[in-house]
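Reading through the structure tokens given below for one structure.
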Amino acid sequence: MPHAARWLLIALLGLITSGCATFAPNPPQDQSNICEIFREQPTWYDHAQESQEKWGTPIATQMSFIQQESSFRSHVRPDRKYYLGFIPGPRPSSAKGYAQAQDPVWGEYEADAGALFARRTHMKHATDFIGWYNQRTQRQAGVSLHNPEHLYLAYHEGAGGYQRGSYRNKPHVRQAARQVASRAGRYQSQLNACEAEFQCRRFYQVWPFCRGG
């Protein structure tokens, strides 16, 4: 491929990528309150509820994971290392999207959950991935789906690493897991007070086929 054509292709790919990010929802302004998050993005409630019903992880835990991993930024990736201050090097991992799922485990999810067209930059697929992953953690390591701290430890370290206790020598991971658990508890208390707003809100969602209060 001629040099000029190669650079044109790179530029076009960059425009396509930035365009996708441009049309993605902005991160919620108040990430401390799950009610405000869902008021800004009510479809996120629908996605998280579907994942909860399918895989068992509570909505509040799913959203706490995502806040910890990406602060609700759809296209975020780990920062590159720069050589000489301006030459871009490789990223430290292949993590991407709301759930910061890496390539290998995302491939496992696609194959196991039949999600071949899933995108890490879409909230529906991110919540489904977290639900799938946590159910696998429950199956492999025996962690309760209502124990967000240890679910997150396994999410970060993998079920095998969790069972080996690899997180014990990683204070930053343990601290993050405690933050996830604390936030999940706060989100759940908030959701208890406002969830009825997001249930049965569409014209086709009628009792008893939806779960309105």
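Just a few scattered comments:
- For the range 107-126, a residue qualifies if it is open to solvent by less than 30 Å² (accessible area, probe 1.4 Å), in a loop (DSSP other than H, G, I, E, B) and either of a type in the set (Ser, Thr, Tyr) or touching a residue at least 24 places away in the same chain (Cβ under 8 Å) (or both), and exactly one does: 121.
- Qualifying position, being assigned to a loop (DSSP other than H, G, I, E, B), open to solvent by less than 50 Å² (accessible area, probe 1.4 Å), under 25 Å from residue 94 (Cβ atoms) and in contact with a Ser or Thr (Cβ under 7 Å, 6 or more places away or on another chain), among 180, 143: 143
- In the range 150-166, the residues that are within 17 Å of residue 95 (Cβ to Cβ) form Cβ pairs under 9 Å with partners that are open to solvent by 20 Å² or more (accessible area, probe 1.4 Å) and among the hydrophobic types (A, V, I, L, M, F, W, C), at six or more places apart or across chains, as follows: 152/181; 154/141; 158/105.
The values are calculated or read from the model by the stated rules, or taken from the named source; none is laboratory data. Bear in mind that the values here come from a model prediction, so they are computed numbers and not experimental data. Every residue, glycine as well, gets a Cβ built from its backbone with ideal geometry; the counts of neighbours run over all protein chains shown. Keep in mind that these areas ignore ligands, DNA and RNA; they rest on the heavy atoms of the full protein, side chains included. Shrake-Rupley method; radii C 1.70, N 1.55, O 1.52, S 1.80 Å.
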